[in-house]
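What follows is calculated from the coordinates using simple rules that are stated; it is not laboratory data. Predicted model only: the values in this text are computed from it and were never measured. Reconstructed Cβ throughout: ideal geometry from the backbone, glycine too, with neighbour counts over all protein chains shown.
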Amino acid sequence: MSRFFARSDSESESESSEDEQTVPKPQTQNIAAALAVSDDEEVVKRVVRSTREKRYEELTELIKQIRNHKKIKDMAKILSTFESLTQAFTKAKPVIDKEDGGRVPNFYIKILVEMEDFITECWEDREGRKNMSKNNSKGLATLRQRIKKYNKDFEKEIATWKENPVEDDVEEKVEVAAESDSDASVSRSVSEEKPQLRKKEMRAKDDDDGDGGGEDSDDDSEDSMWDNSDDSDSSSESDDDKYADNLAAKFLKKTGDGDKDRDKKRERKRKDDKGKRDEGDDEEGGKWEAVKYGVPMQIEKPKMFSKDAEINHQTVLKKLNEIVAARGKKGTDRNEQISMLSELLSIAAQHNLGAAFQLKIMFAIISALFDYNLKNSPCMKQETWQKTLSYINSCLDDLFEFKEVLTIGENILEENEVLNEPPFKVKGCILTVVEKMDEEFTKILQNADAHSPEYIERLKDETAVVKIIDRLQEYLELGCPPSELCRVYLRKIDHLYYKFDPKALSNEPGSSAELIGKLCKYIYANDSTDRIRTQAILCHIYHSALHDKWYEARDLMLMSHLQDSIQCADVATQILYNRALVQLGLCAFRHGNIRDAHNALLDIQSGGRAKEMLAQGLLPQRQQERTSEQEKIEKRRQMPYHKHINLELFECVYLVSAMLLEIPAIVAHELDGRKRMISKSFHYQLRNTERQPLVGPPESMREHVVAASKAMRVGNWKACRDFVINDKMNVKVWNLFHQADKVRSMIEQKVKEESLRTYLFMYSCVYDSLSLRTLGEQFQLDFKNVHSIVSKMIIKAELAASIDEPNQMIVMHRSEPSRIQALALQLTDKVTQLCDHNDKLWDVKQGAYFGRNQQPNYRGEGGRDGYKDRREFRDNDRNWGGRQNRRDRGGDRRHRDNDRGQEGYNRQEQAGY
């Protein structure tokens, strides 16, 4: 053997031994662990997404946030997120135009429609709006305006989507991509954690084996290391051969076949789940249910009868009580309750359980219908309303059909009910049901827009309501107590008293006036409660005044004495009283009774709250402070629009009446500072006009009346008439009256008469005499009418004059003071008042009213103390100045004797001596 080979063998053995001694155990473990990690590490999928997918992912994330905020109704965050969404869509618009041909994604149109519906629902929910915080309420109002304005740019897309709500799967793909990214990040984090775990496991194993075990482990690790190295070398050689031409492709990351299969399986599973949701079935065969307003309470619903159950009165009654017991409990589905009661009614009809049992179930259904929208909306929906009317008619059908063997009443206890055999007894009151129905009809009209076709459609249901009331009246007249008849009669009157009937003007038989008079007289005679009687007489007054029966309406109002006690009545009765009073004033105006019309309308118009007092609207919040509860209560009292009295007509009649009364009085007492005004509101309108620097032609109704007042003040009756009666005023006011031509002629006659009186007051000091015929020609009045007006003025001492009958002249007496004299008298009165006031202030300052040394009361107005003061004063007077007083008394005696002598001389002279 050669020395070269011998040396190399020995050297190699020595080197190997030295290596075995110098190489520590941990290094071997680290290498093995590193190799194991490199083998077990999975290749992470690297996804490269386009700009379109990034933009869509941003949009879907914002949409997800909006839907989360919708669940808790956080309007402020919905608003901010919606603004971010619109900005993101604006950023994505160029990409959409380039790659999708400008077609807006369906998921974006869907969220716009969802937000619009959600905002509309929140806005119509008035109770919910009032309970919102200030920030959310402001956000809702702003969001409503912005979404309405923003959706105008997508009107065609929204309309197309509503007709065919097809959802594209772009949103689904974006979500899948996001999930795949999250899965990749999770796998990456797991792969990073594997080496650390393996290191910890191997270290723990070394600690358990000890020194001896460590050598074995080293050998094993070395063997495994060399084994792996061999495999890696072979694989590397094969890879080098495979990528001999392009070695760079060997080190680039690429998607493996396993990853592709996994992504395909995940996407297929998502589509299957989506299909199951669309079909409404899950894996177990159940149905998906939409959760609203959080997780609902798990309440066990009453189950209907099984197939083999016996259907009789006891089982159906038990089931009915079970369903009714759930009424009003938290979490009860009212729609489900109504459907179950309807199903129970059909079961009772199929098994012929009797009319009494069906009637009891129908009472329960009607009660459930009344409670259906109790919190969500202030009135019934149209579908619920129609169902209620049909069930009430069915109840009346059964009552008429079985009227001889069926008895209902509120006083019947449930244990005393008889449902199996006639005669039947059922607990319930059909009158209360009909009254509740009538109230719901009023609520429906109150919450409908009065200036829309919807209100007319809702008002058409009044025919059905009146028919139900008529049928109920017919049923109760068969033998019910008078108290219930009075209640149904009042409901009948309430639908008649405000309607104009031409037959009532001529007292034709069968008119509404005859019917209302008959019903009201029955109530006057048989009602035991003041409220129904008071409302009946007020409706009677309103109807009579509406049909120009002035004396009948006035006598009813005076005989009722309601003006003395109406402030103690309930609010609904007070509103009806105000309406009757206004109608009475309008009737007096049409008859020419100007002062009566003014007195009737004064209380309603003087406070400036006519709209509120007639329940035709609420005053603005700045004029009256009220809480949300008070506002809610006041809105419930509002009259439906078709019962309203025209406020402009009412105010115009009041102002014209005030003008005809006030202008002559102002001119007659122009220099009298203490004259009380008749109408404060009319004076307020006059002062507002006088404050204006420039007064143009009249435009509004008030300006026309003020301009007419100025013309009447100077006696220009033609200008006054033209301001009050013209085309504009006819359209606004006078054409609204029945027999408008008659009303206009009456107003013209009154304007002539009051202008004549004003002219005489204004210019009587200028004339020595006036011709009655000249006045009649000037004011276009008959001679008798002028003579009558002047005579009344002279009798009432309004005009200091006399009538020369042969010459038909008015002779002025000139006894009135001139203008300068009247002003001097006014100044004298004011100076006197000022002096008296100054004396009182001086006495208070000196303390004369509060000290003991008070001056004696010479007139004896102080009782016993005053008598004592007078006695002390008399004693002092005698001591201090008795002589002077005696001289004065003597002088007074001489003067008195002289006066008596003079009187005697005068009598003798008159007697002729």
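Results, tabulated for the structure shown:
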quantity: Over 26 Å (Cα to Cα) - which of LYS518/LYS742; LYS70/LYS635; LYS680/LYS752 fall in this group; calculated: LYS518/LYS742; LYS70/LYS635
quantity: Mean separation of Cα contacts under 8 Å, 6 or more apart, over the residue count of region 51-168: relative contact order %; calculated: 31 percent
quantity: Selection from CYS486, LEU505, ASN526 lying farthest towards where the dipole of region 481-595 points positive, charges on Cβ; calculated: LEU505
quantity: Packing-based ranking, highest mean first, of 516-525, 700-709 given that Cβ atoms within 10 Å are counted; calculated: 700-709, 516-525
quantity: Restraint check, LYS110/LYS156; LYS318/LYS436; LYS425/LYS492, Cα-Cα greater than 19 Å; calculated: LYS318/LYS436; LYS425/LYS492
quantity: Estimated dipole of region 647-763 in Debye, rounded to 20 [Cβ of Lys and Arg +1, of Asp and Glu -1, Cα centre]; calculated: 260 debye
quantity: Cα gyration tensor shape of region 501-587, rounded if a/c is under 1.5, else prolate or oblate by comparing a/b with b/c; calculated: oblate
quantity: Per-pair calculated FRET efficiency, R0 = 51 Å: LYS91 and SER681 via Cβ, rounded to 0.05; calculated: 0.25
quantity: Only Lys, Arg (+1) and Asp, Glu (-1) charged, at Cβ; region 481-595 dipole about Cα centre in debye; calculated: 160 debye
quantity: Signed unit charges on C-beta, dipole axis of region 481-595, positive-most listed residue ILE541, MET557, CYS587; calculated: CYS587
